[in-house]
């Protein structure tokens, strides 16, 4: 692999995670040791509305917790309907009266570039905040995610002055053109698993296209978005363009989804919540909705695959970010001829996985986000055992404090088991055996989800056949989790509607206006 | 010339008729309205003996898996002649079970082929052959459309059928031009996107332009390699069955295009809720659109394209060519008996030309020829059915009660069928019901305005955002209004230009997504990103 700046900046999970191998598996001590103190202060806990940090209208706050310990790290203003209303009217005013949509695209682009520079300057603090609130390894936050956030904003800054409409061939003496206009006020709901990365997927294209927005963070991870949004104001973003509300889904989230003055909705989260979000949009003002939802993504290891490569990527695919990825490779289909070898190696790799305080150097896996997720995952593990899957490794919590779970590997998983069908969102690898392509294609596609897939083969025909046959939004061949800014991401079936990132991510944030006028004595048609 | 005739579009015909010349004779609408001037208004046609449509009704069953079949329940429902309210045929009434059969056929046709496994060129050839067959049956199809819908036969035969043919030629040309992208990567990866068919598309079309809407939906879905279950409107089930039969003659494999006749709450809801339908496209009212989207949300989150209602402003500036603006504003509203989602139903006229405009608009409406839509020179037929007829008359009464000035019309026309007099209101205020709701009938509402900022604000103060008309000679005015109006189409000094390549769709509660043109292809494609590492890449 080619090293150097671009790899690090574009540093992607799978590229990064090869580092993990060099380090010993979890020192059981870690969870017992005193947690490392994060090197960052929490300065912003209020709502950001119209360029000002303000308390919730109700005066209420809610605690946000350190997943390493379950202890409170800050009390955060709890936004509700009234706050969403205030934020939407600020965004409405900023859109209708400007200056944001009336600036030149180049000016908008410069502000986004300046913001990216400020992120870079504060990269370590932001990464620390992200780890503290979320529990993800600090090295992953600092060396992979924040650089990717910066990369995404630079990518979209570059788009701001390249939003072209089309001129359109007409059937008669008419001049026809299309304008790609900003939609207006965008409501955005980001999840807790990648708070800032998803922030960049949503805020980047919305701003590049000239919209204003109200962003609701997940109640589990409200801190980093407030911090970086402050930097956006420093970078010159006019007040009201980007408003950030902390709060809960059924209150603040529902208010945003139902709001009659919000023109666009962009949600990342579970499939069940996505259905509610779309229902609220349809019952209110038919705002356009982009959904990025759950998955149960297959990894297919063919008989000719490089097994060591496949084992390593399949490991990363499911264990990365504590297994809390919508596109986790959570069904590992392995050809029968390499099945036993694969299981031995997958198990050995899981055994080597370093679990512990995410602030500690070399740690690959921190705690799950909260007690609810922690219990849910342990229930799935019990369900796997009860349904007769073979527990190869793990299966228990780590330590007695916080929400750490052992890297867990099941083999002999059958398609009809709960662990093969539902999104576990935790460090649980399920390995399934297959014989033929037709069979594995059928089984891989037999799911309500269609987010991503991994294919491991050296044969170009196999790669091409599987690539077309899999009903998913991303196919990674001999790799996984490559998340460049330009690569579109999104789901088929119940994994979502629309695509984020890349050129495709722009169309979520503009309206197409056709403009038609007659031509007098045209030189050509 | 032939090409011009094929593509002859609604407003274009009008514009052409005013400039006269041979081209104008080929186009339909303008001719009918032009001819109209020489014919006495309200020829008591409705009282006369009705013309017998020169077409037989051969297809009344559901079309599932390439076969015409009865509804599973055995039930039928009557479809009517809007000229008289009399039954013209009994049609198989599809319900959830028929939808299930149709979806299963479409699923099989998609999953097992041959349709998505044919080459794009082969699919393209079938679409072209279909267009040729439609051309061959142009007059029969137009007669059937008029009989079932009540629209002027000349409009159906010379504008709408040619437009349908044009649309299928357009989409046939797209079939082998669905390109994915290769994507620049940040490291040593080869990245590409595939634009794949989505799968089984559910399509629900309205009664106001049964065949044109068929083309807007079926064309791109087939060009992209999908299979389809299409539900027609219960008022107008006949023409889709006829043309779908032609599609099979053209070589479309069985199961690729299934047609179910039936009602919204039964067949429509079953299609919108179906767990095996991958995509939904709906054209109809905003209220029904909300239900459709909710059913999709509650079932399998199928992506939904919506093309809904409108209350489109038509802005006549002080420097406009008033005669032309009057003619196009008239056309924008009265075309198709006012049954257009993008009808120019709020005519804003600058105060300096307001009185002149009203006189001329009234005079034009008085000249409008209402009568048997099969009769030559008739511009306006009956409304689609008694429900719409009553609704439109209620809105007229509401306009009178709320003190708008009734300039002409205001009542039914004749005593049989659903004919309504071309009606013009002036002194309409923004808060009146007739200024806010979609009337979907031949009722023009004229408003006065003073300055551009005011008219922009008023034009945008609506939950709709489908289209707008702007009449001005001033380039700055045109540019300002074009950007400021929150609408999916802005027609500047024209209206209802509907070329295949021009995208159409709404802002706000007028819909989601765009149909026609290159934009419509997205509705029927999934994007798949494919990534593989590069070894020893020569360049990145």
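Of all residues in the stretch A:467-480, those satisfying the criterion of being facing chain B (nearest Cβ under 10 Å) and either modelled with pLDDT under 95 or farther than 17 Å from residue A:308 by Cα (or both) are A:467, A:468, A:470, A:471, A:472, A:473, A:474, A:475.
Taking the criterion of being touching a helix residue (DSSP H, G or I) at 6+ places or on another chain (Cβ under 6 Å), part of a helix (DSSP H, G or I) and more than 8 Å from chain B (Cβ to nearest Cβ), the residues of the stretch A:481-525 that qualify are A:505, A:506, A:509.
Scoring residue B:342 on the criteria (1) outside any loop (DSSP other than H, G, I, E, B); (2) within 13 Å of chain A (Cβ to nearest Cβ); (3) under 24 Å from residue B:455 (Cβ atoms) leaves a single failure, condition (1). Using the structure shown, decide if residue A:253 is surrounded by 24 or more Cβ atoms within 10 Å (Cβ to Cβ), farther than 26 Å from residue A:38 by Cβ, at pLDDT 95 or above and touching a helix residue (DSSP H, G or I) at 6+ places or on another chain (Cβ under 9 Å). It is true that residue A:253 is surrounded by 24 or more Cβ atoms within 10 Å (Cβ to Cβ), farther than 26 Å from residue A:38 by Cβ, at pLDDT 95 or above and touching a helix residue (DSSP H, G or I) at 6+ places or on another chain (Cβ under 9 Å). Residue A:398 meets the conditions (1) more than 9 Å from chain B (Cβ to nearest Cβ); (2) surrounded by fewer than 19 Cβ atoms within 10 Å (Cβ to Cβ); (3) over 15 Å from residue A:331 (Cβ atoms) in every case but one. The failed one is (2). Answer yes if at least one residue in the stretch B:284-292 is closer than 23 Å to residue B:111 by Cβ and surrounded by 24 or more Cβ atoms within 10 Å (Cβ to Cβ), and no otherwise. For the stretch B:284-292, residues closer than 23 Å to residue B:111 by Cβ and surrounded by 24 or more Cβ atoms within 10 Å (Cβ to Cβ): absent.
Apart from one condition, residue A:423 fits all of (1) in a helix (DSSP H, G or I); (2) more than 16 Å from residue A:313 (Cα to Cα); the exception is (1).
Mind listing just one residue for me: the one in the stretch B:519-540 that is without any contact (Cβ under 8 Å) to a residue 24 or more places away in the chain and within 8 Å of another protein chain (Cβ to nearest Cβ) and, of those, surrounded by the most Cβ atoms within 10 Å (Cβ to Cβ)? Ranking the qualifying residues of the stretch B:519-540, first place goes to B:519.
The sole residue among B:307, B:318, B:294, B:356 that is modelled with pLDDT of 95 or more, touching a helix residue (DSSP H, G or I) at 6+ places or on another chain (Cβ under 7 Å) and within 14 Å of chain A (Cβ to nearest Cβ) is B:294. Of all residues being in contact with a strand residue (DSSP E or B) (Cβ under 9 Å, 6 or more places away or on another chain) and farther than 24 Å from residue A:288 by Cα in the stretch B:455-478, which is farthest from the other protein chains (Cβ to nearest Cβ)? Just the residue, please. Across the stretch B:455-478, the extreme among qualifying residues is B:455.
Within the stretch A:180-203, being touching a helix residue (DSSP H, G or I) at 6+ places or on another chain (Cβ under 7 Å) and either within 19 Å of residue A:511 (Cβ to Cβ) or assigned to a strand (DSSP E or B) (or both) holds for A:182, A:183, A:184, A:185, A:186, A:187, A:188, A:189.
Taking into account only those residues within the stretch A:279-301 that are at the interface with chain B (Cβ under 9 Å from one of its Cβ atoms) and in a loop (DSSP other than H, G, I, E, B), which is nearest to residue A:198 (Cα to Cα)? It would help to see each step written out before you state the result.
First pass over the stretch A:279-301, keeping only residues at the interface with chain B (Cβ under 9 Å from one of its Cβ atoms): A:279-289, A:291, A:293.
Remaining after also requiring in a loop (DSSP other than H, G, I, E, B): A:284-287, A:293.
Values: A:284: 25, A:285: 25, A:286: 24, A:287: 21, A:293: 12 Å.
So the residue we want is A:293.
Just checking, does the stretch B:468-482 include any residue being within 20 Å of the chain's Cα centre (by Cα) and either more than 25 Å from residue A:210 (Cα to Cα) or in contact (Cβ under 8 Å) with a residue 24 or more places away in the chain (or both)? Within the stretch B:468-482, one or more residues are within 20 Å of the chain's Cα centre (by Cα) and either more than 25 Å from residue A:210 (Cα to Cα) or in contact (Cβ under 8 Å) with a residue 24 or more places away in the chain (or both). For the stretch B:189-204, filtering for residues that are closer than 22 Å to residue B:230 by Cβ and either surrounded by 23 or more Cβ atoms within 10 Å (Cβ to Cβ) or more than 9 Å from every other protein chain (Cβ to nearest Cβ) (or both) leaves 8. Of the residues making up the stretch B:234-246, those that are closer than 27 Å to residue B:197 by Cα and touching a helix residue (DSSP H, G or I) at 6+ places or on another chain (Cβ under 7 Å) are B:239, B:240, B:242, B:243, B:246.
Of all the listed residues (B:180, B:173), the sole one being in contact with a strand residue (DSSP E or B) (Cβ under 9 Å, 6 or more places away or on another chain) and outside any strand (DSSP E or B) is B:180. Looking across B:262, B:255, B:251, B:338, one residue alone is touching a helix residue (DSSP H, G or I) at 6+ places or on another chain (Cβ under 9 Å), surrounded by fewer than 22 Cβ atoms within 10 Å (Cβ to Cβ) and on the phi > 0 side of the Ramachandran plot. It is B:251. When the residues of the stretch B:244-258 are filtered to those that are assigned to a helix (DSSP H, G or I) and in contact with a strand residue (DSSP E or B) (Cβ under 9 Å, 6 or more places away or on another chain), the one that is nearest to residue B:131 (Cα to Cα) is B:247.
One line per residue, one yes/no per condition, for (1) without any contact (Cβ under 8 Å) to a residue 24 or more places away in the chain; (2) over 18 Å from residue A:198 (Cα atoms); (3) part of a helix (DSSP H, G or I):
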{"residue": "A:253", "(1), (2), (3)": "no, no, yes"}
{"residue": "A:260", "(1), (2), (3)": "no, yes, no"}
{"residue": "A:273", "(1), (2), (3)": "no, no, yes"}
{"residue": "A:277", "(1), (2), (3)": "no, no, yes"}
{"residue": "A:303", "(1), (2), (3)": "no, yes, no"}
{"residue": "A:327", "(1), (2), (3)": "no, no, no"}
{"residue": "A:332", "(1), (2), (3)": "no, yes, no"}
{"residue": "A:347", "(1), (2), (3)": "no, yes, yes"}
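Is there a residue being buried (at least 24 other Cβ atoms within 10 Å of the Cβ) and part of a loop (DSSP other than H, G, I, E, B) anywhere in the stretch A:223-236? Scanning the stretch A:223-236, I find no residue that is buried (at least 24 other Cβ atoms within 10 Å of the Cβ) and part of a loop (DSSP other than H, G, I, E, B), so the answer is no. Residue A:177 satisfies every condition listed in (1) within 13 Å of another protein chain (Cβ to nearest Cβ); (2) closer than 24 Å to residue A:109 by Cβ; (3) in contact with a helix residue (DSSP H, G or I) (Cβ under 8 Å, 6 or more places away or on another chain); (4) not in a helix (DSSP H, G or I) except (3).
Taking the condition more than 14 Å from every other protein chain (Cβ to nearest Cβ), under 24 Å from the mean Cα position of the chain (by Cα) and without any contact (Cβ under 8 Å) to a residue 60 or more places away in the chain, does residue A:123 pass?
Values: more than 14 Å from every other protein chain (Cβ to nearest Cβ): yes; under 24 Å from the mean Cα position of the chain (by Cα): yes; without any contact (Cβ under 8 Å) to a residue 60 or more places away in the chain: yes.
Judged against the criteria, residue A:123 is a match.
Summed over the stretch A:348-366, residues that are within 23 Å of residue A:332 (Cα to Cα) and buried (at least 19 other Cβ atoms within 10 Å of the Cβ) total 8. The residue of the stretch B:173-187 that is farthest from the other protein chains (Cβ to nearest Cβ), among those that are buried (at least 16 other Cβ atoms within 10 Å of the Cβ) and either in contact (Cβ under 8 Å) with a residue 40 or more places away in the chain or closer than 24 Å to residue B:279 by Cα (or both), is B:175. Residues that are within 14 Å of chain B (Cβ to nearest Cβ), crowded, with 24+ Cβ neighbours inside 10 Å and either modelled with pLDDT of 95 or more or over 18 Å from the mean Cα position of the chain (by Cα) (or both) are absent from the stretch A:330-345 altogether.
The values are calculated or read from the model by the stated rules, or taken from the named source; none is laboratory data. All figures in this text were calculated on a predicted structure; none of them were measured in a lab. Every residue, glycine among them, receives a Cβ derived from its backbone with ideal geometry; neighbour counts consider all protein chains shown.
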